[in-house]
Amino acid sequence: MIVGRALRGLGRRGWAYLPESLRLSPPGQAYGRLVHAIVRNHSERTQYFGTFFLRNRAELELMRRIVDRKPAGSSLNIAVLACSKGTEVYSILWILRSARPDLKITVHAVDISQDIVDFAQRGIYSRREAAAPTAQNDAAEKGDAFHTTWKDQGVSIFERLTDKEIAAMFEVRGDLAKIRPELREGITWHCGDAGDPKLAEILDHPDIVVANRFLCHMKPPAAKKCLRNLAQLVKPGGYLFVSGVDLDVRTKVARDMGWKPITDLIKEIHDGDPSLNESWPLQYWGLEPFREDLPDANIRYACVFQIGGAA
């Protein structure tokens with residue numbers, strides 16, 4: 001353990017002193033991969049609730065393209081696992097319902113924390129800056145919105161939204177932003193473990209399962225087991241969205257289970273979440289730069305897979 005910490009510290013310091021031109025060079029990238037391997041092997045992993053609205057726009061665009069193939073007036077069932085504060089759920093619904101108002105879209109939103117599920121279901125977020133003092137006469141609901149909105153957040157949950165998008169998605173009153181009623185419809189909220197095989201009984205084989213940005217917080221053996229279970233949830237021919245996971249883990253499972261990688265917008269999605277890209281190689285959840293020269297790039301960097309037969 002002591003040796004591991006020393007190696008990790010050496011790698012962190014060395015990377016910090018490299019000029020950007022060298023970091024981007026082949027030797028620099030090789031050094032970064034070594035540092036990241038050390039970090040992943042020796043870091044203590046824990047779940048976080050930090051998140052953003054419209055976190056990865058390219059990922060949402062690909063989902064819109066997939067959904068756009070649905071016949072007019074049909075139904076669409078989506079499951080969002082580790083839904084956290086609800087930002088991903090509401091972002092998906094806003095994008096898809098804006099593009100296809102004719103579809104009947106239902107969502108099952110699942111998270112392991114009952115408190116976070118309750119907060120997400122309320123759909124009320126604080127726009128107050130984290131450093132601002134809390135007034136003594138705040139209502140309890142407002143205080144709860146403030147503290148939970150900022151839980152595990154380094155920057156604002158609204159950081160990636162334009163003013164126009166905020167107006168479209170929320171009813172804003174003072175420091176509070178409440179999700180508009182039409183975006184709250186058709187959502188069933190659950191407290192549960194994404195790795196629980198019994199989820200299949202609740203979710204009833206969704207067309208799309210979204211399992212983003214939580215598997216990286218598991219050690220590889222647990223992440224592999226969970227990822228294999230997630231594939232069993234998806235309707236045959238449906239799609240699994242799974243970003244924010246150790247790439248070696250996802251590649252191994254995808255190959256073993258014969259998943260079909262969706263390569264449309266593959267690089268845009270890989271680069272679409274700055275908080276992951278900028279954390280590499282010094283954080284275990286960091287995402288390595290996209291490498292077109294790898295023979296397995298299409299499966300290694302794909303964040304979306306078709307599971308089973310033709311859709």
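Any read-out appearing in this document is the output of simple, stated calculations on the displayed coordinates, not a laboratory observation. Bear in mind the structure is a predicted one, so any value in this text is a computation, not a measurement. Reconstructed Cβ throughout: ideal geometry from the backbone, glycine too, with neighbour counts over all protein chains shown.
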Pairwise centroid distance, computed over Cα atoms, of the range 43-70 with the range 187-222, Å | 14 Å
Go ahead and estimate [θ] at 222 nm for the chain from helices alone: -39,500 (n - 2.57) per DSSP H run with n ≥ 4, summed, over the residue count, rounded to 500.
-> -12000 deg cm²/dmol
Efficiency of FRET between SER113 and ALA30 - r from beta-carbon atoms, R0 45 angstrom, step 0.05 | 0.70
Please report, in cubic angstrom per residue, the volume enclosed by the convex hull of the alpha-carbon atoms of the chain.
-> 151 Å³
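Would you mind ranking ARG300, ARG173 by Cβ crowding within 10 Å, fewest neighbours first?
Least to most surrounded, the residues fall as ARG173, ARG300.
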With x for Gly and Pro, the residue-by-residue ³J(HN,Hα) of the range 275-285, computed from phi through the Karplus equation 6.51 cos²θ - 1.76 cosθ + 1.60 at θ = phi - 60° and given in whole Hz, is 5, 7, 5, 6, 7, 7, x, 8, 10, 5, 8
What FRET efficiency would be calculated for the residue pair ASP264, HIS205, taking the C-beta separation as r and a Förster radius of 22 Å, to the nearest 0.05?
-> 0.40
Compute the length gained on full extension between HIS147 and ASN298: take 0.36 nm times their separation in residues and subtract their Cα-Cα distance, giving the result in nm to one decimal.
-> 50.3 nm
From the cross-link list LYS198/LYS235; LYS104/LYS151; LYS178/LYS235, which pairs have alpha carbons spaced over 24 Å apart?
-> LYS104/LYS151; LYS178/LYS235
What's the exposure ranking of THR149, THR263, going from fewest to most Cβ atoms within 10 Å?
-> THR263, THR149
Could you tally the net charge around ILE202, taking each other residue with its Cβ under 15 Å from the Cβ of ILE202, Lys/Arg +1 and Asp/Glu -1?
-> -3
Packing-based order for 201-207, 79-85, 301-307, using average beta carbon neighbours within 10 Å, highest first | 79-85, 301-307, 201-207
Largest to smallest principal axis extent of the C-alpha atoms in the range 52-183, angstrom | 53, 32, 25
